[in-house]
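Participant: Mind looking over this structure? Questions follow.
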Amino acid sequence: MTPALELNGITKRFGALTANDNVTLSLAQGEILALLGENGAGKTTLMNILFGHYAADQGTVRVFGQDLPPGQPRAAIDAGVGMVHQHFTLAGNLTVLDNVMLGSESLLSLRSARAAARQKLLQIAERFGLPVSPDARVNQLSVGERQRVEILKALYRDARILILDEPTAVLARPEAQRLFETLREMTREGLSLIFISHKLHEVMAASDRVAVLRAGQLVAERETSRTTPDELAELMVGRKVARPTRQDHQIGSPVVIANKVRVEDKGETHLDEVSFTVREGEVLGIVGVSGNGQAALGALLSGLVTPTSGSLTLAGQDLTPLGPRGMIRAGAARVPEDRHAEGAVGELAVWENAVLERLRTPAFSSHGFVRKATCKSYTADLIERFDIRGATPDTRTRLLSGGNMQKLILGRCLSTGPKFVLANQPTRGLDEGAIAAVHAELLDARAKGAAILLISEELEEAVALSDRIQAIVKGRLSDPVAAEDADARKLGLMMAGVWEEDADAA
């Protein structure tokens, strides 16, 4: 049978950087291929070449036996290639049907065939088990529903090869499981799939075959049934990877205390009388299904929102009137949930982002003038200490891979020796090597006495790093449980709000 896809000798350079180096890869019809590699290994670049966003410097792409013209997304779409990007490309103010039809009709058409388009969309949704209302506005959909719309956009254009770039990066685990069930159904209908992922358990569960990129080169291919997560992790980074483990030590006195904090906005309650305490040298884990108040909790602990009622203190100081700058001065630091939108300014240099939150301090400015040499020297030390690869102080931050951008933000956060650290989804979208590095830095800060509040949707991460764990459900927090007593079943029940039922019964 003719392969669905053949990539032959693909090489792509950006200046002195070789993103892809003579990559040859094939995809069989009806196969799910997982593309694995560290942040910055060249996975997304390779897929962008396939989809026509980039033209390769060398090499060819063949789809169902036919050569694909380079650098032409329309040619890729016409050949049956569809791509679902990690960051959704949907117009939030338009309906699902409008988004799916966008760009699919000629501008010279005298009228839009909306009725036929609606019928086709509903048929595709039913065929592949992707239920969604054509008339719903995208900005009113959940993250999982928006993911469905992105897939439906590709299928509406008759895609036979579907590329998914980090498809579960913003999905909770139940949504991710449903997505992979849908993908498996698609292969039974004849589609061929490539998905990029850093999550080894997903790769093992969902793929037929795994291709591993390292530093732009294809270093290994494995049948999924004949490999292990440990082998794949080692192939990704070129060495054995072991995540650090939390060590028992003395927990100190309370640093951050929240007492019945309530956050409301426009009549909607985002946090409902939440109470928690984080102590010196302790990691308090907050787990929950996405959309249950984690964003409001992160904003509260960053000084971006003010409690409607209740109290929030850091080392005895009232935090509610301080705002972001005041909280930083009080000894708080944060790793925000979205590194692109909240953690860094992509167009600024690495050194500018490294000092951004403390630019007005005497260490980095004097009499209104930035001490640029000092800033760059500090950043160079940060790059070396936190192993921020591919970076110099003058590198544009947007050119860093996701993992290296995260390490920059983490370094900026931890280098100040903070009293309190908010770590909000600190390893989202990172590879195994970067996850191990981030975990090691957080545990090192814990050992030095920092109080850390970890918000994570990864249960394994929460259990591995936390001393105590609370679940957040509909803006409310459960009582804490010791990490040693929190197995997956118990945490799953807590995340489902079973503790609320117990409280109601009492």
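Where a number appears in this text, it was derived from the coordinates with a stated rule and is not lab data. In this text, all values refer to a predicted model and were calculated from it rather than measured experimentally. Note that each Cβ is placed from the backbone with ideal geometry, even for glycine, and that neighbours are counted across all protein chains shown.
Participant: What residues have an amide H closer than 5 Å to that of VAL23, excluding those fewer than 5 places away on the same chain, when H is modeled at 1.01 Å from N in the peptide plane?
Facilitator: Residues meeting the criterion, in which the H sits 1.01 Å from N, are GLY9, ILE10, THR11.
Participant: Quick one: if you stick a label point 7 Å off each Cα along the C-beta vector at LEU356 and LEU304, how many nm between them?
Facilitator: Label-label distance for LEU356 and LEU304, simple model: 1.2 nm.
Participant: For the peptides 307-316, 416-425, 229-238, what is the packing order when you average, over each peptide's residues, the other Cβ atoms within 10 Å and list the highest mean first? Mind dumping the intermediate values first?
Facilitator: Values: 307-316: 15.7, 416-425: 21.5, 229-238: 17.2.
Most protected by this proxy first, the peptides run 416-425, 229-238, 307-316.
Participant: Still on this model: Amide H to amide H under 5 Å from VAL84: which residues, 5+ apart in sequence or cross-chain, H placed 1.01 Å off N in plane?
Facilitator: ILE163, LEU164, ASP165
Participant: Just to check I understand the Karplus step: with θ = phi - 60° and J = 6.51 cos²θ - 1.76 cosθ + 1.60, what whole-Hz values come out for region 150-159, glycine and proline as x?
Facilitator: Values, residue by residue: 4, 5, 4, 4, 5, 5, 4, 8, 6, 5 Hz.
Participant: At a 10 angstrom cut-off on C-beta neighbours, averaged per residue, how do the peptides 379-387, 122-130 rank from highest to lowest?
Facilitator: On the way: 379-387: 17.9, 122-130: 15.3.
My ranking of the peptides, most packed first, is 379-387, 122-130.
Participant: About the Cα centre of the chain, what is the dipole size in debye to 20, counting +1 per Lys and Arg Cβ and -1 per Asp and Glu Cβ, all else neutral? Before the final figure, lay out the partial values.
Facilitator: Numbers: 57 positive and 63 negative charges, 279 e Å.
Its charge dipole is roughly 1340 debye.
Participant: OK, next. Taking the 0 to 90 degree range and rounding to the nearest ten, how far is the long axis of helix 114-128 tilted relative to the main principal axis of the chain, both from C-alpha atoms?
Facilitator: For helix 114-128, the angle is close to 80 degrees.
Participant: Sticking with this structure for a sec: For region 41-50, what does the Karplus curve 6.51 cos²θ - 1.76 cosθ + 1.60, with θ = phi - 60°, yield as ³J(HN,Hα) per residue in whole Hz, taken in order and with x for Gly and Pro?
Facilitator: 7, x, 5, 5, 4, 4, 5, 5, 5, 4
Participant: Shifting gears a bit: Using per-residue counts of other Cβ atoms within 10 Å, averaged over each peptide, order 145-158, 389-402 from highest down.
Facilitator: Details: 145-158: 20.5, 389-402: 17.7.
Packing order, densest peptide first, comes out as 145-158, 389-402.
Participant: While we're here: Quickly estimate the mean residue ellipticity at 222 nm for the chain, helices only: each DSSP H run with n ≥ 4 gives -39500 (n - 2.57), and the total goes over all residues, rounded to 500. Present the calculation step by step, with values, prior to reporting the outcome.
Facilitator: Details: 17 runs with 168 residues, N = 506.
-9500 deg cm²/dmol, from helical runs alone.
Participant: If you don't mind, another one. Please identify the trypsin sites (Lys or Arg not before Pro) of region 209-289 that satisfy two criteria: DSSP loop assignment and at most 12 other Cβ atoms within 10 Å. Which are they?
Facilitator: Values: sites: ARG209, ARG214, ARG222, ARG226, ARG239, LYS240, ARG246, LYS260, ARG262, LYS266, ARG279; in loops: ARG239, LYS240, ARG246, LYS266.
Here the trypsin sites (Lys or Arg not before Pro) that fit, given the DSSP loop and packing criteria, are ARG239, LYS240, LYS266.
Participant: Within 10 Å of each candidate Cβ there may be at most 11 other Cβ atoms; applying that plus a DSSP loop requirement, which GluC sites (Glu not before Pro) in region 286-363 survive?
Facilitator: Numbers: sites: GLU337, GLU342, GLU347, GLU352, GLU357; in loops: GLU337, GLU347.
Answer in residue order: GLU347.
Participant: Which one of ALA496, GLY15, MET405 is farthest out on the positive end of the charge dipole of the chain, using unit charges on Cβ (Lys, Arg +1; Asp, Glu -1) and the Cα centre as origin?
Facilitator: GLY15
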